[in-house]
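The next block holds one structure in the form of C-alpha cells; read it before the comments.
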Amino acid sequence: MGTAVHRDQLLDELWPGLPPEQGVRNLQVTVSRLRAFLEPGADRGASRLVLRRAESYQLVLDDGAVWDIGEFERARGVWRRARLSTDADEQAKLLRTCLRWYQGDLLPEDGAAEWVVVERARLRNQAAELSQVLGELELELKHFDSAVRAARRSLALDPFRDVSWRVLISAYRLAGDAAAAGRVKREYAQMLHSLGSGSDEPGTRRPGADRGLRSPQ
C-alpha cells in the first residue's frame with residue numbers, strides 16, 4: 001500500500017511555478033492517463049490502483065510489487081546515505097545496482113506531454129549524474145572498461161558533462177588505448193567548439209553550465 005500524497009505536494013514536485021489552476025488541470029489529466037494505463041477498460045471512478053482520498057492521491061500496489069522507478073529511487077537513497085561511510089568499491093556496487101533499475105526515458109510513448117516531461121527530465125538527469133559518479137569511482141578503482149561504460153552512459157543521457165568526458169578520455173588513456181583517447185578528445189573539442197565555449201581544449205567548462213557533480217542531490 002503506497003502512502004497518500006497531498007495534491008499540493010504533487011503540484012510542487014511536478015509543476016513548480018505553474019498557476020494553481022493550471023497545475024490542478026495537469027494533475028487531473030495525469031491521474032486519468034495513469035489510471036487508463038494501469039487499468040485499461042476500467043469504468044470512470046472504478047480505479048482500484050490510483051485512489052483519491054480528499055485532496056490526496058494514493059497508489060495501491062500488491063504486496064511484493066516491484067516497479068523500476070521506485071526501485072531506482074530507493075537504491076539511489078541507499079547510496080546517498082552510504083556514500084560518506086563506505087569505500088569506493090562498495091559505493092560502486094551500490095551505484096551499479098541503482099543504475100540497473102533505470103530503463104530509459106519515462107513513458108516515451110507519451111512524447112512531449114506536459115504532465116510527464118518534468119519527471120522524465122528529473123530522472124534522466126539523476127541517472128546521468130549517477131553514471132558520472134560511477135565512472136569516477138571505476139576510474140579510481142582502475143576498472144577502466146567499466147569506467148568507459150559508465151562515462152558513455154552518462155554522456156548518452158547528457159552530452160554536456162565535462163567530468164564524464166574527462167573520465168572517458170582518462171579511462172582509454174590509462175587502459176593503453178591512445179587512439180580511442182585521442183578520438184574522444186577530438187569529439188569533445190568539437191562539442192565545445194559547437195557550443196561557442198571559446199576553447200577547443202577538453203576540460204574547458206561551458207560558462208555557467210558545469211555539470212561535474214560528484215554528489216547528486
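Rule-based calculations on the coordinates, nothing more; no lab input. Everything numeric here is computed off the predicted structure, so don't read it as measured data. So basically every Cβ, Gly included, is an ideal-geometry build from the backbone, and we count neighbours across all protein chains shown.
Structural remarks
- Radius of gyration and Dmax over the Cα atoms of the range 72-131, both given in Å: 13.3, 41
- Along the chain, the longest continuous region that contains none of the trypsin sites (Lys or Arg not before Pro) in a DSSP loop with at most 10 other C-beta atoms within 10 Å is 49-217.
- Column: log10 I(q)/I(0), Debye, Cα scatterers of the range 82-181, q = 0.10, 0.19, 0.25 Å⁻¹: -0.30, -0.88, -1.23
- Over the range 112-164, equivalent-ellipsoid semi-axes from the Cα gyration tensor in Å: 26, 9, 8
- Helix 144-157 axis versus longest C-alpha principal axis of the chain: approximately 50°, rounded to the nearest ten.
- Extended-chain gain in nm, criterion 0.36 nm per residue less alpha-carbon gap, VAL78 and GLU140: 20.2 nm
- Rh by Kirkwood over Cα pairs, then Stokes-Einstein D for the chain at 0.890 mPa s and 25 °C, µm²/s: 125
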